[in-house]
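A.B. asks: Have a look at this one.
The values are calculated or read from the model by the stated rules, or taken from the named source; none is laboratory data. Because the structure is a prediction, the values reported are computed rather than measured. Positions of Cβ are backbone-derived with ideal geometry, glycine not excepted, and every protein chain shown enters the neighbour counts. Side chains are part of the model used for accessible areas, which takes the heavy atoms of the whole protein and leaves out ligands, DNA and RNA. Shrake-Rupley method; radii C 1.70, N 1.55, O 1.52, S 1.80 Å.
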Amino acid sequence: MNTPTQAVYMELQQAYDHLNAVLFDAKLPACLITLQREKHTYGYFSSKRFASIAGSTTDEIALNPAYFGVTPILETLQTLAHEMCHLWQAHFGTPGRGRYHNAQWASKMEGMGLMPSSTGQPGGAKTGDCMADYVIEGGLFIEACKRLVTNQFHLSWYDRFPPMPVVQAGARSAALQMPEDAGGGKSHLSDWVANTLADSAISSDGNHQNIPMANKSNRVKYSCQCGSNIWGKPDLRVLCQQCDCSFVAV
Ligand SMILES: [Zn+2]
Ligand SMILES: [Zn+2]
C-alpha cells in the first residue's frame, strides 16, 4: 500500500511520462513536480529551479492541488501539458522573455492538440503574458488523455479546503468545456470529453442547471443555509462567501 505522498507523486510521474511519450517522443528530461497553492495559479514552470548535492540541476513544474477536487482531471492534465511545453522550449527552443508565451510555444501547443488562447476560448490571442488554452478535439492531447484516464489511473488525493474563488474558477472552466447544448461554449468536444468533465466537475449556482447531472458517484451536492449550492468531490470544506458559513453535504 502506497503512502499518500507516494501515491500522489507516482500518479503525477505516470501522467508526466505518458504525456512525454505521446506529445514529445519521450524527449523531455525528468523534472521535479511540486504541489503549491500560489493564488490564481493552476501551475507554473521554473527552469533549473532545483540543484542536487550531486551537482546537477532540474526544472520545476508546480501544480496547484486546490483545484484537484473542483476541476475535472482533464484540466489538471491540461495544466501539466502546458507547463511541459514550457519545459520543452527551455531545452529545445527559445523561450519568450519573462512570462511571455511566444509564437514558438504557441505553435508547439497547437501541434500537441491544445489551442493557446488568452481567453481560454476560440478567438483569443495565441501569444501573450497570461495564456490559457483549450482542447482541440481529435488532437494528440485529448487522445493521450483517453488512453491515460481509465479506471486504473486517477489522481487519488485532492485538497478538501478549496477557497471559494478556486471553486468558482473550477466551475467556470468546467462549464466552458461543456458542449453548447449543455451550457458551455464549445460544441466540438466529444461525448467522452463531456462525460469526463461532467463526472468530476464542480458547479455553483448559476450554471448547475445546464450541466448534465450524470449520476456519478463522486459528485456530491453541498448547500449553505443561505440557499447557495455547489457540487464537487466528497468531503470538501468550502466557506460560503455570501454568509461566511460552511457548505454542508446534503
Ligand atoms: Zn504558461
Ligand atoms: Zn451562504
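A.B. asks: What is the spin-label model distance, in nm, from H91 to F50 if the labels are put 7 Å beyond Cα along the C-beta direction?
C.D. replies: 1.5 nm
A.B. asks: Calculate what fraction, in whole %, of the accessible area of region 1-140 sits on carbon and sulfur atoms when a 1.4 Å probe is rolled over the protein chains.
C.D. replies: 54 percent
A.B. asks: In terms of solvent-accessible area of protein heavy atoms at a 1.4 angstrom probe, what is the ranking of F161, F141, highest value first?
C.D. replies: Largest accessible area first, the residues go F161, F141.
A.B. asks: Check which residues have an amide H placed less than 5 Å from F68's amide H, if you skip close sequence neighbours.
C.D. replies: Answer set, sorted by chain and number: D159.
A.B. asks: Taking a 26 Å limit on the Cα-Cα distance, which of the listed pairs K27/K233; K39/K146; K126/K221; K27/K108; K108/K233; K48/K146 fall beyond it?
C.D. replies: K27/K233; K39/K146; K126/K221; K108/K233; K48/K146
A.B. asks: Shifting gears a bit: Give the span of region 45-127's Cα atoms along each principal axis, as three whole-Å numbers ordered largest to smallest.
C.D. replies: 46, 33, 20
A.B. asks: Still on this structure, please answer the following. Could you order the peptides 69-75, 154-160, 107-113 from most to least packed, using the average number of other C-beta atoms within 10 Å per residue?
C.D. replies: With the highest mean Cβ count within 10 Å placed first, the list reads 69-75, 107-113, 154-160.
A.B. asks: Okay, next question. Among 129-136, 239-246, how do they line up by average Cβ neighbours within 10 Å per residue, starting with the highest?
C.D. replies: 129-136, 239-246
A.B. asks: Calculate, in nm to one decimal, what A26 and H154 gain on full extension: separation in residues at 0.36 nm each, minus their alpha carbon distance.
C.D. replies: Contour length minus Cα-Cα distance gives 43.9 nm.
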